[in-house]
Amino acid sequence: MHYNIVRVIIERKEWSGIAVKYRDELISLFQQIAGVVTSFEVTDFLDICLVAFVVYSVVKFIRETRAIQLFKGILLFGVVYAIITILDMQASSFLFRSIASNAVVFLIIIFTPEIRHALESVGRNGFSNISIFNFGKSSRQVASERLNAMITEVCRSVSSMSESKTGALIVFERQTLLGSVIETGTAVDAMATEELIGTIFFPKTPLHDGAAIIRADRVAAAGCILPLTKNNELSKELGTRHRAAIGMSEESDAVIVVVSEETGYISIVNKGKIQRGITSSQLRDSLQNYLIEKDQDKKSNIFDKLRAKLKKN
């Protein structure tokens with residue numbers, strides 16, 4: 001029926017010149033579109049969502065790891081292979097075909113650490129964020145509890161370092177991914193605990209001079225290098241740590257905590273603004289405000305939305 005309607009609409013128009021030539025192709029195109037629309041099912045929608053999620057995960061994986069450099073190498077390999085194929089270079093073509101035929105094996109070997117890390121992350125975090133595995137708790141509640149536990153550990157460690165005047169620089173990743181900054185340091189990928197953070201910034205250890213990056217509730221890396229602010233109007237009392245914290249906050253939406261090595265003062269930096277000399281309780285309130293109340297509202301998933309709709313009905 002849809003096909004006949006489309007044909008009648010098109011045949012009633014006056015066609016001339018080139019349009020007459022492509023009338024049948026246009027009818028066929030409309031018929032194909034109508035066929036796709038009429039045969040579209042829920043499984044097709046789920047299939048599209050799954051493919052989109054896989055593509056997004058791959059792009060995110062490439063952006064956050066050294067895979068971006070390897071991807072550039074693979075792209076260059078493809079360009080060279082195309083050139084030697086066009087020029088009909090027999091020896092080179094044979095060599096490149098041999099490599100290309102085993103490309104999947106080579107990629108698995110090259111990306112073994114990244115693949116293992118990705119699977120471990122899925123196993124560690126994937127199911128824990130689904131409500132049915134958390135005895136009725138929503139994913140937002142689970143994430144909030146984990147972030148609250150992390151904030152408690154960080155505040156305890158910061159308080160101890162403040163009393164002992166141990167310098168520290170802690171960056172909390174939010175919406176802006178800090179993969180390029182993480183690559184400048186040493187990978188840690190461990191739960192953020194009071195003992196771990198205290199160990200990282202213990203004087204005379206290799207990582208104590210750099211910044212620690214916290215992603216969600218885990219320490220992603222330590223000893224990372226941050227960009228210094230270009231603001232020349234800052235007080236001369238601010239040292240390198242504070243200037244690096246401000247510089248990082250100017251280039252991202254990250255929240256940065258600084259412990260002064262000279263005074264022991266605790267500072268928190270966000271969007272280029274610094275609050276100095278805050279207490280441990282003030283630090284806790286600020287981190288909860290920045291990391292939980294705002295970010296978690298943006299990250300509410302489909303399970304929470306469905307639950308809310310069911311309650312209304």
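No value in this document is a laboratory result; all are computed from the given coordinates. Just so it is clear, the model here is predicted, and its values are computed rather than measured. Using ideal geometry, Cβ is built from the backbone for each residue, glycine included, and neighbour counts are taken over all protein chains shown.
Please rank Asp217, Asp88, Asp47, Asp253, fewest neighbouring Cβ atoms within 10 Å first, as an exposure proxy.
Ascending Cβ contact count within 10 Å gives the list Asp88, Asp47, Asp253, Asp217.
In this model, which of Lys204/Lys273; Lys204/Lys271; Lys230/Lys271 are farther than 23 Å apart at the alpha-carbon?
As for pairs spanning more than 23 Å Cα to Cα, those are Lys204/Lys273; Lys204/Lys271.
Quick one: length gained pulling Asn148 to Lys72 fully straight, 0.36 nm per residue minus the C-alpha distance?
Full extension of this stretch gives 23.4 nm more.
Can you give the convex hull volume of the alpha carbon atoms of segment 140-298 per residue, in Å³?
99
If you rank Lys236, Lys72 by fewest surrounding Cβ atoms within 10 Å, what's the result?
The most exposed by this proxy come first: Lys236, Lys72.
Ratio of segment 146-221's C-alpha Rg to 2.2 N^0.38 Å, to two decimals?
So segment 146-221 has a normalised radius of gyration of 1.02.
Taking other Cβ within 10 Å of each residue's Cβ, how do Val219, Val259, Val171, Val105 sort, fewest first?
In order of increasing Cβ crowding within 10 Å: Val105, Val219, Val259, Val171.
Using 7 Å Cα-to-Cβ label points, what is the Gln32/Lys204 separation (nm, one decimal)?
Placing both labels 7 Å beyond Cα along the Cβ direction yields 7.3 nm.
Taking R0 as 41 Å, what's the FRET efficiency between Val58 and Thr263 from their Cβ-Cβ distance, rounded to 0.05?
Once rounded, the FRET efficiency stands at 0.30.
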